[in-house]
Amino acid sequence: MHLHADSTRCSGCRACQLACSLHLFGENNPKKAAISIIPHFPQPGTFEVKTCKQCGTCAEVCPVGAIHKNERGAYYIDSEECIACEACVEECPEGVIFLHADYETPFECDLCGDCVEVCGMKALWIE
Amino acid sequence: MYGYAGRILRVNLTDGTTKTEPYDPELARRFLGGRGFSAYILYTEVPQGADPLGPDNKVIISTGPLSGTLVPGAGKTDITTKSPQTGGYASASVGGLICAELKYAGYDAIIFEGTSKHPVYLFIDDDKVEIRDASDLWGKGSLTVEEELKKDLGEAFQIATIGPAGEKLVSYACITHDFGRQAGRGGVGTVLGAKKLKAIAVRGTKSIPIADVDAFRQKARTMFKACMESDALEVWQKYGTAGVTTWANEIGAFPTRNFQTGFFEQHESLSGEVMREAIVITDKACFACPCPCGKYSHSKKHNVFVEGPEYETTALLGGNCALADIEDVAYANYLCDELGLDTISAGNCIAFAIECFERGIISTTDTGGLELAFGDPQAVFALIKKIAAREDIGDVLAYGVKHAAEVFGGDSADFAIQVKGMEMSGYESRNAPSMLLSYMTCDVGAHHNRSWAITYDIQVGRDDISADKAAKVIELQHIRPLFDCLGACRLQWVELNLNLDYYAQILQALTGEERSWDDLLKISERIWNLTRAYWAREVEDFGRAWDSPPPRTWKEKVPTGPTQGSSISWEDNQKLLDMYYEQRGWDKNGIPTHAKLTEMDLTDIVIS
C-alpha cells in the first residue's frame, strides 16, 4: 500500500503539501512536506507529482537502521536514531525524502492520507 | 502575530536600500491585511497630488492573513498604487503562488518607494534581500523573463514581472506571474515600469504561525470537504470562467463589437466546451485551490502556450472585437501576456478604435495604414503590438478609451466604454441595473469584481430600479473586497457556495482573535470609505459625475439578442446613484460625510 499520484490530474495547487506539513510537524509550510510537485512551464505545461512508493530503499541504505515501519506499514525515519548522513535522501529513487533547515534529520511520507482529503482534483489516492 | 509573517519589507528604489519593519498589530485589527493594509499605506504615505509615475508614488504588494494557509483558494495578493490610468485608487489582485511564497519568506507585504535610475529586479530568498541589475531583462516579454529567471535562480522561486508595455508606460500595463496570472487592472505594471522595477523573485522556507493548530486543521478539512461536495465543482473544474461565455450570451450580457450589443452571434465557437476540446491541455490552479479556473492551453494554429483565455479575455478580445476563433483569442491573450497588457482594457481600446474606424472618425492616416474591421484577427494582433510599442495609433490607445475619445473627437466619447477612465469588464449591463450601478461605483473604475450583481438583477427582475438593488450592490462591495483583505479567492464562495461563516471561523483559529463575519464586513466597509476618501482627496473635481456610466448605456438601446430594446435612462441611473449614496451615508455628491467617517473610525486618518 502506498500513496499514488496521477500527474495528469494535478493542478499544482499544493494543498497536499500544506496538509502534509500540518500532519508531520503541526506547521503550515509546504517546504516541510513529503510530497513533491514539479511544474514544467511554459512548455510542455504539465505538473509532475512524486510520491513515496514505500519501496524500502531508504531502510536498506540506512547505515544505522534508523528507518522502521509504522502501524500503517509506512517507512519512517526515527530522528533519535538517525545520524543525518542523508544516504536515504540521495538514494531515494523518487526523490521524496526531504530536508529542511529547521531539522537535523530528513523526513518522508507516513501514509496518513491527509493530502488525499484536500486534493480537489482527486490526483492522489492510497491503495 | 498568528496568521501573519509579522514583517513588512520596504524597498527604496531611489537609494537602493531595503529594510524590514514589524507589522503593526493595530493596523491588522483595523484593516485586516491585503487591500486593507495597502489602502492605509497609500492614503497615509503617498503625498496628496503625487505623480503616479513619479518617485512619490508607491506600490504596495500585500498578502492577507489567510494567504499561504490551508484555506481553499488562499493564494491571492493585492497590489495597490495611485493609478496612472485614472489618477485615483488602483488595487489589483493576483493569484498563483507568489502570495504564499512571500509569506514563507517572512513578509506580509512589500512597499516599493522611489524610482531606480536603471532597470532592477528584487531578489528575496528568505532573509536575503537584494536589488539586482535587470538591464539584460529590460525589453523582454513577461513570459520570457519568468522562464529565464526560473532557469537562472531555480524552479522554487516565484516570479512576478512586467512586460515591454509596462516599461513603455502604457497606462494599463499589468504584472504577470506564474505564466499567465495577472494583477491586471489600473496600471499597476505601469507604475513598476516607471520605477524601473522589472521583476520580483521570491523564495521562502518559513512557516506561518497558527494560534490553534487543531481547530485550524479541523476547519480546513471542513472547508475542503464542502468544496468537494459542491454540485458545481465538476463543471467549474472542467471549464473555469470560460463556462460563463455561453451563459453571458444567453442572458444578453456578452460585450460584442465595443459593447454595441450583448449577444455575439458566433459565441458558440468561443464556448468553454469548444475551448476545452480545442486548446486546453492542463488545469492550472492558484495556491490551495480545489477548483482551478486556470486553463493552460496550447494553440497549435499559432504555436503558443498560454494560460487561458479566461472569460474576461474571451469577452473583451473575443466578442468585443468580434473574433470568432478561440485560437485567435488565445493568441491575442498570449500577446497581451507577453507584452504585459491588461486584456480587458486592451480589448476595449481595440474595439473602440475599430468602431471609430468603421464610423469614419479615424482612417488609415491615424492607424499607420492599417485597415481596421471587427472580426479581423490580424487587425487585433497588430493593434496589440502597436499599443505595447506605442506606435502611431498605439500611442493614443496606450492611454485608454477616455483619452482616445478626446483625441479622436466626433461623438466617440459616447461609445468610449469606461468609468473613471477605466474600461469596462465583460458584462453589457443595459438590462442589469444593479450591475450597471456596480460599474458606476466600483472603487477602481468600471470593474466587475467588487460587485458582480448581474445574477441579482436576473433573480429579482431586470428592469427593476429599486433601493434593494442599491443595497445589494453595497452588500457585495463589502463581501467581495473582504476576500482581498483576507488574501483568499472569492470563487469558492461565489461558485461553490462555500459558507462565509467558515472564513471567520478559520481566521479565528488561525489568528486567535474572535471576530464574526459581520465584524469583518465592518472592516471592509471602513476600507471602502477610505478609498472613496482617497479619490476625493486626489481628484480635484471628484464627485457624482465620476460615477457616470458610459453614455452608450443610456443613449442607445441594445439592437440585438435577448436584451434587444433595453437601455437604462439617465434619470434611472441617477436615481440608483441617489439611493446608493443615501444608503452609504455619503452626501449627494457621493462624498463620505463626517458622520460616516466617524462611524467608520477613520477621522484620525481622513480629514473632512
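Quick note: the coordinates plus some simple rules give every number you see, no bench work behind them. In this text, all values refer to a predicted model and were calculated from it rather than measured experimentally. Here the Cβ positions follow ideal geometry from the backbone for every residue, glycine too, while neighbour counts run over all protein chains shown.
When A:LYS50, B:LYS140 are sorted by how many other C-beta atoms sit within 10 angstrom of their C-beta, beginning with the fewest, the order is A:LYS50, B:LYS140. Net charge dipole, the protein assembly as shown: roughly 840 debye, given to the nearest 20, about the Cα centre with Cβ charges of +1 for Lys and Arg and -1 for Asp and Glu.
Between the listed residues B:ALA215, A:GLY113, B:VAL380, the Cα displaced farthest toward the positive end of the dipole of the protein assembly as shown, a dipole computed from Cβ unit charges relative to the Cα centre, is found at B:VAL380.
In terms of its C-alpha gyration tensor, chain B comes out rounded, because the ratio a/c of the largest to the smallest axis stays below 1.5. Considering only B:GLY252, B:SER412, B:LEU476, the residue lying farthest towards the positive end of the dipole of chain B is B:LEU476, judged by Cα position with unit charges set on Cβ. For chain B, what is the mean residue ellipticity at 222 nm derived from helices alone (per DSSP H run of n ≥ 4: -39500 (n - 2.57); sum divided by total residues; nearest 500 deg cm²/dmol)? Calculated mean residue ellipticity at 222 nm is -11500 deg cm²/dmol. Counting neighbouring beta carbons within 10 Å and listing from fewest to most, the residues B:LEU316, B:LEU500, A:LEU111, B:LEU530 come out as B:LEU500, A:LEU111, B:LEU530, B:LEU316.
The charge dipole of chain B, taken about its Cα centre with unit charges on the Cβ of Lys, Arg, Asp and Glu (plus for the first two, minus for the last two), comes to roughly 740 debye. Projecting the Cα atoms of A:ASN70, B:SER608, B:GLY87 onto the dipole axis of the protein assembly as shown, where Lys and Arg carry +1 and Asp and Glu carry -1 at the beta carbon, places B:SER608 farthest toward the positive end.
Loop-located GluC sites (Glu not before Pro) in the stretch A:12-92 (DSSP state not H, G, I, E or B) with no more than 15 neighbouring Cβ atoms inside 10 Å: A:GLU71, A:GLU80, A:GLU81, A:GLU86. Once you reduce the stretch B:343-399 and the stretch B:499-575 to the center of their Cα atoms, the two points are 31 Å from each other. With θ taken as phi - 60° and the Karplus curve 6.51 cos²θ - 1.76 cosθ + 1.60 applied, the whole-hertz 3J(HN,Hα) list for the stretch B:376-387 is 9, x, 5, 5, 5, 4, 5, 5, 4, 5, 5, 5 Hz, x standing for glycine and proline.
Tell me whether the stretch B:108-199 comes out rounded, prolate or oblate; compute the Cα gyration tensor, take square roots of the eigenvalues as a ≥ b ≥ c, and use a/c under 1.5 as the rounded threshold. It is rounded, given that a/c, with a ≥ b ≥ c, falls under 1.5. Electrostatic tally near B:ASP152: other residues with Cβ closer than 15 Å to its Cβ, Lys and Arg +1, Asp and Glu -1, net -2. Using the Cβ-Cβ distance between B:ARG10 and B:LYS301 with R0 set to 51 Å, the FRET efficiency from 1/(1 + (r/R0)^6) comes to roughly 0.65.
Between A:ILE126 and B:ASP501, the modelled labels are 3.2 nm apart [label points 7 Å from Cα along Cα→Cβ]. Its Cα centre serving as origin, the stretch B:7-203 has a Cβ charge dipole (Lys and Arg +1, Asp and Glu -1) of approximately 420 debye.
For B:LYS555, put the label point 7 Å out on the Cα→Cβ axis and report which residues of the stretch B:257-287 keep their amide N under 17 Å from it. Under 17 Å, as judged by backbone N against the label point of B:LYS555, lie B:258-261 of the stretch B:257-287.
Counting only DSSP beta bridges with both residues in the stretch B:7-203, the antiparallel share comes to about 75 percent. Peptide B:203-213 shows a mean partner chain C-beta count of 4 within 10 Å per residue C-beta. Restricting the stretch B:26-93 to trypsin sites (Lys or Arg not before Pro) that sit in a DSSP loop and have at most 16 other Cβ atoms within 10 Å of their own Cβ leaves nothing. Based on C-alpha pairs under 8 angstrom that are at least 6 apart in sequence, chain B has a relative contact order of 16 percent. All other residues whose Cβ lies under 15 angstrom from that of B:GLU234 are scored, Lys and Arg at +1 and Asp and Glu at -1, for a net of 0.
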